[in-house]
1. Using alpha carbon coordinates only, what is the Rg to Rh ratio of the chain, with Rh defined as the Kirkwood radius?
2. Tell me the carbon and sulfur percent of the accessible area for the chain, rounded to whole percent, probe radius 1.4 Å.
3. Taking each pair of distinct Cα atoms in the stretch 116-161 once, what is the resulting Kirkwood hydrodynamic radius in Å?
4. Per 10 Å bin, what percent of the C-alpha pairs of the stretch 10-100 does each bin hold, from zero upward?
5. Tell me, what HN-Hα J-couplings in whole Hz come from the Karplus equation 6.51 cos²θ - 1.76 cosθ + 1.60 at θ = phi - 60° for each residue of the stretch 35-47, using x for Gly and Pro?
6. Roll a 1.4 Å probe over the protein chains and send me the accessible area per residue for the chain in Å².
7. Within the stretch 159-181, which residues have the backbone N less than 15 Å from the label spot 7 Å out from residue 21 along Cα→beta-carbon, could you tell me?
8. Rounded to the nearest 500 deg cm²/dmol, what is the calculated helix-only ellipticity per residue at 222 nm for the chain, with -39500 (n - 2.57) per DSSP H run of length n ≥ 4?
Amino acid sequence: MGRRLEDDIQEILYGTEEIVHRVAELGEAITAHYRDSGRELLLVNVLKGGAIFVADLMRAIDLETSVDFMAISAYGPSSDEIGVVRILKDLEEPIADKDVLIVEDIIDTGLTCNYLRQSLASRGPASLEICTLLDKTVRRIAEMPIAFSGFDVPDLFVVGYGLDYLQRYRNLPYVGVLKPEVYFG
Ligand code: 5GP
């Protein structure tokens, strides 16, 4: 029989039930925050890691909401411009005069999200906020306001619920830490 994904997991940090519960709470907080805005709420999701989170989150938001996707790639460590990212796929619609909520799977140093936030801010949204499932606050370099945050995650490399290691483990229904031998063979 083939090796199971969960055999590679050392520890589960946030189990399925805990995530479901927290996503429901985030949905309620977002609903309350935007209920009286009178504008369209657009969720801007960053592929690929954020796809599973946004799919669950938008079903927990009790408002008229649309979703659009961006794909970005960070330049490698050899780049002179740390924190500059390349937009691989841009939004399909303009965001001017909309309430825009960036939905991220994880914010680590914050450099990627900070770049994205500045890029979107220049397009004239009515408001611009950030929602992240996981927040690695200890590693933050680029400070930015995060309006909605699921879990304050310790300084560990995590996978599951959308997050990958070499494109694998995104389909784990929880967030966990890999066994060291997965990295070091
Ligand atoms: P930043 O350091 O710019 O905030 O994070 C950039 C990206 O690094 C995140 O969007 C995510 O793709 C990746 N990343 C950061 N920490 C982790 C982690 O613990 N696990 C996984 N799978 N990706 C991470």
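The values are calculated or read from the model by the stated rules, or taken from the named source; none is laboratory data. Keep in mind it's a predicted model, so treat the numbers as computed, not measured. Because the Cβ atoms are built from the backbone with ideal geometry, glycine has one as well, and the counts that use them run over all protein chains shown. The protein model used for the area step is the full one, side chains on, heavy atoms only, and it has no ligands, DNA or RNA in it. Shrake-Rupley method; radii C 1.70, N 1.55, O 1.52, S 1.80 Å.
1. Numbers: Rg = 16.7 Å, Rh = 17.2 Å.
When Rh is taken as the Kirkwood radius, the ratio is 0.97.
2. Working: 4940 of 9790 Å².
For the chain, the apolar C and S fraction of the accessible surface comes to 50 percent.
3. Working: mean 1/r = 0.0814 Å⁻¹.
Roughly 12.3 Å, rounded to one decimal.
4. P(r) over the stretch 10-100, rounded to whole percents: 14, 35, 31, 18, 2.
5. Per-residue couplings from phi come out as 3, 9, 6, x, 10, 6, 8, 10, 8, 9, 9, 9, 6 Hz.
6. Numbers: 9790 Å² over 185 residues.
Each residue of the chain exposes 53 Å² on average to a 1.4 Å probe.
7. Backbone N within reach: 175.
8. On the way: 4 runs with 44 residues, N = 185.
The helix-only estimate for the chain comes to -7000 deg cm²/dmol at 222 nm.
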